[in-house]
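The values are calculated or read from the model by the stated rules, or taken from the named source; none is laboratory data. None of these values were measured; they are calculated from a predicted model. Please note: Cβ atoms are built from the backbone with ideal geometry, for glycine as well, and neighbour counts cover all protein chains shown.
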Amino acid sequence: MKLLRDTWLVFGRYFGLLIHNPVWIALGVLQPLLYLILFAPLLKPIASMRGFGPGGAYNVFVPGLLVQLGMFGAAGVGFSLIAELRMGVIERLRVTPVSRVALLLGRALRDVISIVVQSLILILLALPFGLSIHPVGIVIVLALIGLIGLLTASVAYAVALAVRSEDSYAPIVFTSALPILLLSGVLLPLGLAPQWLRNIAAVNPLSYAVDAARAIFNDSLGDPSVAKGVAIMVVLSVIAVVIGARQFGRAVALSYAVDAARAIFNDSLGDPSVAKGVAIMVVLSVIAVVIGARQFGRAVA
């Protein structure tokens, strides 16, 4: 119950910020909408080719576009976290009794809501172009995109807490996101790709999410790819949340050490941050040594 209450409190804070800036939701839909208008019509002549997949151009392209929205829509959330780290917001939250998991989940759920709303808008805008999907399928595919958003946001927050700099964060996240997207078949089905490329894509978890989304759009809810894609996203999302939550717990302790190191390099040995950083690291080191010694003792026994 405490985790749920803490998550709701953190979510309420960040969701309120989103409500006060709804323009970001519209901007998030803009790029996928341009793909829908300017790129999707190019696929119609090849929709009948072997390996393209059933359902027509839009029923193949829009699911991939939604997965792309889910990933890129959440990939940039770390920038705001880095700004809050710099302003000391995370440090103040860290000393409260709020759960570390809630600090991550509250923010990530805000991001999930934003992505799901954007995805729904994109689906509705695609209907006049020839997209067809059952209402139940819309609900299921939105849940799948929400999982992708949760996974990506959790990873993005973990990376932001680790690098703590926009200059490092941007190339890491966006450079790694591009090959993942290209090897998932979001723009063109992997059935059109050569065998060697399909073999590489088989180790990309996002490709299974794309396959699941396309099966849902074609009303093939019983297709094994749906269960497989959803299961993979659930497992990876849980792992990402755990890793992200642990990073939140470590973030403030490391920030004291960083501040102390900077003060020392600036010949400000009398700065309070030096004593504070050293004291915190000493205490944490002693605790770690005690825990490690106990584990060694148990292992030998």
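Restrict the check to the stretch 126-134 and report whether at least one residue is touching a helix residue (DSSP H, G or I) at 6+ places or on another chain (Cβ under 8 Å), within 15 Å of residue 9 (Cα to Cα) and not aliphatic (A, V, I, L, M). Within the stretch 126-134, none of the residues are touching a helix residue (DSSP H, G or I) at 6+ places or on another chain (Cβ under 8 Å), within 15 Å of residue 9 (Cα to Cα) and not aliphatic (A, V, I, L, M). Which residue, of 245, 153, 212, 240, is assigned to a helix (DSSP H, G or I), over 20 Å from residue 111 (Cα atoms) and touching a residue at least 60 places away in the same chain (Cβ under 8 Å)? Residue meeting the stated conditions: 212. Scanning the stretch 36-49 for residues that are free of Cβ contacts under 8 Å to residues at least 60 places away in the same chain and not in a helix (DSSP H, G or I) returns 47, 48. Across the stretch 62-78, not a single residue is classified as surrounded by 16 or more Cβ atoms within 10 Å (Cβ to Cβ), modelled with pLDDT under 80 and not acidic (Asp, Glu).
When the residues of the stretch 219-273 are filtered to those that are of a type in the set (Ser, Thr, Tyr) and over 30 Å from residue 86 (Cα atoms), the one that is modelled with the highest pLDDT is 225. Within the stretch 99-121, being in contact with a Ser or Thr (Cβ under 9 Å, 6 or more places away or on another chain) and surrounded by fewer than 22 Cβ atoms within 10 Å (Cβ to Cβ) holds for 99, 101, 109.
Taking the criterion of being of a type in the set (A, V, I, L, M), within 22 Å of the chain's Cα centre (by Cα) and either under 30 Å from residue 89 (Cα atoms) or in a helix (DSSP H, G or I) (or both), the residues of the stretch 164-199 that qualify are 170, 172, 173, 177, 178, 180, 181, 182. Among the residues of the stretch 1-16, just one is of a type in the set (A, V, I, L, M, F, W, C), touching a residue at least 60 places away in the same chain (Cβ under 8 Å) and either under 16 Å from residue 73 (Cβ atoms) or not in a helix (DSSP H, G or I) (or both), namely 15.
In the condition set (1) of a type in the set (A, V, I, L, M); (2) in a loop (DSSP other than H, G, I, E, B); (3) closer than 22 Å to residue 244 by Cβ, residue 131 is compliant with all but (3). Would you confirm, using the coordinates I've provided, whether residue 67 is more than 30 Å from residue 246 (Cβ to Cβ), in a helix (DSSP H, G or I) and in contact with a Leu (Cβ under 8 Å, 6 or more places away or on another chain)? No, not satisfied.
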